[in-house]
Amino acid sequence: MATKKYSSYAEIDRDLEILKLQSEIHYQKIALSIEKTKENLSPKNILNEVVGSFKPLLSEWYITTFKLVIPFIIKWIKNRKRGD
């Protein structure tokens, strides 16, 4: 980076103010990232992530189970009605 030459103190003050604001923005971004990380590592969120990862498997299991069990239930109900 080339050395910048200033012609007045006002230019220096302006650049210092810009650097100060940039520093504050970076600090706030880091603080926000830390806060989000704390939230993500909370027991509640970890449990939600674990349960959420099993949700597709469970729903597929339920669908498969119902496809297999419902015909047997219908057949059982029909046989009971015939037996009455």
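The values are calculated or read from the model by the stated rules, or taken from the named source; none is laboratory data. Bear in mind that the values here come from a model prediction, so they are computed numbers and not experimental data. Heads up, the Cβs are rebuilt from the backbone with ideal geometry, glycines too, and the neighbour counts pull from every protein chain shown. To get the accessible areas, we keep the full protein, side chains included, count just its heavy atoms, and leave off ligands, DNA and RNA. Shrake-Rupley method; radii C 1.70, N 1.55, O 1.52, S 1.80 Å.
Return the only residue of ALA2, ALA10 being in a helix (DSSP H, G or I) and free of Cβ contacts under 8 Å to residues at least 40 places away in the same chain.
Residue meeting the stated conditions: ALA10.
For the structure I just gave you, tell me whether SER53 is loosely packed, with under 10 Cβ neighbours inside 10 Å, modelled with pLDDT under 95 and either polar (S, T, N, Q) or at positive phi (or both).
Against the criterion (loosely packed, with under 10 Cβ neighbours inside 10 Å, modelled with pLDDT under 95 and either polar (S, T, N, Q) or at positive phi (or both)), SER53 qualifies.
Residue by residue through the range 9-21, note down the ones that are open to solvent by less than 90 Å² (accessible area, probe 1.4 Å) and not acidic (Asp, Glu).
ALA10, ILE12, ILE18
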